[in-house]
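Values quoted throughout were computed directly from the atomic coordinates according to the rules given, and no laboratory measurement underlies them. In this text, all values refer to a predicted model and were calculated from it rather than measured experimentally. Glycine also receives a Cβ, built like all others from the backbone with ideal geometry; neighbour counts cover every protein chain displayed.
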Amino acid sequence: MNTSQQNLKTRKRITTTLRLDLVDKLNELAKLTKINKSKLHDEAIEDLLIKYGSSK
């Protein structure tokens, strides 16, 4: 396990793809709000889980 993975005690690295327009909007939102993209992803997934009835 490399050093960057060892530091992820409460997170898990995943890989995915997004539409280009969503990437641009996500980058803008992160810059505007000063919230990192990982936390914005967390919030989006939590909202989807609530929407589809699978929250925590």
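Of all the residues in the stretch 21-56, those that are outside any helix (DSSP H, G or I) and more than 22 Å from L8 (Cα to Cα) number 4. Which ones in the stretch 7-56 are surrounded by fewer than 10 Cβ atoms within 10 Å (Cβ to Cβ) and among the hydroxyl-bearing types (S, T, Y)? Across the stretch 7-56, the qualifying residues are T10, T15, T16, T17, Y52, S54.
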